[in-house]
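This report refers to the structure that appears directly beneath it.
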Amino acid sequence: MSKEIPSLHHAFRDNFKIGAAVHTGLIRTEGDFIAHHYNSITAENQMKFEEIHPEEERYAFEAGDEIVDFAVRNGMSVRGHTLVWHNQTSDWVFQDPAGGTASRELLLSRLKSHIDTVVGRYKGHISAWDVVNEAIEDKTDLMMRDTKWLQILGEDYLLEAFRLAHVADPQALLFYNDYNETDPVKREKIYELVKGLLEKGAPIHGIGMQGHWNIHGPSIEDIRMAIERYASLNVQLHITELDLSVFRHEDRRIDLIEPTAEMMELQEQRYEEIFRLFLEYQASITSVTFWGTSDHYTWLDNFPVRGRKNWPFVFDQQRQPKESFSRLLNAAKGSAPTSRGIS
Ligand code: GLA
């Protein structure tokens with residue numbers, strides 16, 4: 001990799017951290033590339049409950065340790081992801097060993113052990129934790145997603161999780177993280193949830209906006225309104241899982257082997273507009289993390305269509321800068337917006 005390529009995180013050094021989701025395979029094969037462009041990392045999967053705590057008496061810290069060691073060696077921040085979620089959490093967590101569903105007391109004690117142990121292990125090295133992920137319901141008018149956490153513990157499970165995480169590492173910034181965060185209905189639910197937690201005295205310091213967007217939407221105005229609404233709670237905002245799919249969600253075609261020129265132009269334009277917007281709100285936005293490092297690998301290669309390649313980032317499949325990368329550097333320098341080329 002040529003060191004002549006400017007560093008992405010360096011370009012935004014006065015604005016916010018630039019992060020990437022990684023796994024141990026990536027840090028072994030492209031560690032220099034990651035350290036050159038990013039100054040924050042998140043484990044894509046390897047700190048999730050089912051991976052880091054697969055059995056009641058067994059934690060599997062090898063991958064998490066490798067990721068944190070890599071970050072420490074390279075002077076990077078780590079975002080911890082995630083402590084409480086309805087997905088990728090093993091069934092044993094919600095079961096009573098004697099049969100049936102775990103009682104409230106049992107689940108609370110497991111929540112406490114999990115948070116104490118995981119947050120405690122990386123105390124001082126993980127600067128921000130996604131304490132609760134995706135607790136809001138987004139298919140019906142209900143506020144809370146119907147999960148085992150909610151069924152067994154009741155709504156206060158969030159308050160409890162934030163309190164436990166704060167005790168385990170009082171210096172770590174604690175986040176509520178969710179997707180479809182720019183949708184006006186869901187935005188208001190997230191706002192109310194976090195407002196309620198703050199009113200109850202929860203140690204919550206920020207909202208994670210996942211940012212799984214695409215080249216067509218959401219609109220800049222919807223993103224702006226979500227940022228303003230969340231920032232009005234006086235919490236920090238982290239963009240936690242940014243990627244710009246080249247497909248609309250409902251587009252299920254599988255015939256493309258490379259992105260069209262039109263897709264790439266739209267993506268460049270969107271990246272520039274989105275980062276200019278983030279810069280406007282840099283007093284609130286303190287970190288922007290991409291959900292991957294380059295088009296070489298993205299979870300979108302398997303979602304929503306299994307095996308369909310996607311190209312959502314600002315580095316291509318050879319980890320070389322795309323035109324969108326230059327657009328971001330221009331935005332960081334405060335240069336005039338790039339014109340669309342067509343009027
Ligand atoms: C959600 C989760 C992430 C990840 C992505 C898809 O956004 O928060 O951990 O699973 O979905 O990869």
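The values are calculated or read from the model by the stated rules, or taken from the named source; none is laboratory data. Keep in mind it's a predicted model, so treat the numbers as computed, not measured. All Cβ positions, glycine included, derive from the backbone under ideal geometry; neighbour counts span all protein chains shown. Surface areas here come from the heavy atoms of the whole protein model, side chains and all, with no ligands, DNA or RNA. Shrake-Rupley method; radii C 1.70, N 1.55, O 1.52, S 1.80 Å.
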Could you list, in sequence order, the residues of region 283-328 that are within 23 Å of HIS10 (Cα to Cα), within 15 Å of the ligand (Cβ to nearest atom), β-branched (Val, Ile, Thr) and part of a loop (DSSP other than H, G, I, E, B)? THR293
PRO184: out of contact with any Pro (no Cβ under 9 Å at 6 or more places or on another chain), within 16 Å of the ligand (Cβ to nearest atom) and either open to solvent by 20 Å² or more (accessible area, probe 1.4 Å) or of a type in the set (S, T, N, Q) (or both), yes or no? no
Could you list, in sequence order, the residues of region 159-177 that are open to solvent by less than 10 Å² (accessible area, probe 1.4 Å) and more than 17 Å from SER113 (Cβ to Cβ)? ALA172, LEU174, PHE175, TYR176, ASN177
Residue by residue through region 198-212, note down the ones that are surrounded by fewer than 21 Cβ atoms within 10 Å (Cβ to Cβ) and touching a helix residue (DSSP H, G or I) at 6+ places or on another chain (Cβ under 8 Å). LYS200, PRO203
Region 25-44, subset crowded, with 19+ Cβ neighbours inside 10 Å and within 16 Å of the ligand (Cβ to nearest atom), residue nearest to GLN317 (Cα to Cα): LEU26
Region 172-214, residues that are in a strand (DSSP E or B) and hydrophobic (A, V, I, L, M, F, W, C): LEU173, LEU174, PHE175, ILE207, MET209, TRP213
Being in contact with a Phe, Trp or Tyr (Cβ under 7 Å, 6 or more places away or on another chain) and among the aliphatic types (A, V, I, L, M) is the filter here, so list the residues in region 27-55 that pass it. ILE27, ILE52
Qualifying residue in region 242-252 (condition: over 21 Å from ARG306 (Cα atoms) and in contact (Cβ under 8 Å) with a residue 12 or more places away in the chain): no
May I ask you to list the residues in region 59-101 that are closer than 20 Å to ARG163 by Cβ and more than 16 Å from the ligand (Cβ to nearest atom)? VAL93
How about region 79-108: which of its residues are open to solvent by less than 30 Å² (accessible area, probe 1.4 Å), in a loop (DSSP other than H, G, I, E, B) and either out of contact with any Asp or Glu (no Cβ under 8 Å at 6 or more places or on another chain) or among the hydrophobic types (A, V, I, L, M, F, W, C) (or both)? TRP85, ALA102
Within region 7-24, restricting to residues that are assigned to a loop (DSSP other than H, G, I, E, B) and closer than 19 Å to GLU241 by Cα, the one that is nearest to the ligand (Cβ to nearest atom) is HIS23
Which one of LEU279, LEU242 is touching a strand residue (DSSP E or B) at 6+ places or on another chain (Cβ under 6 Å) and within 18 Å of ARG327 (Cα to Cα)? LEU242
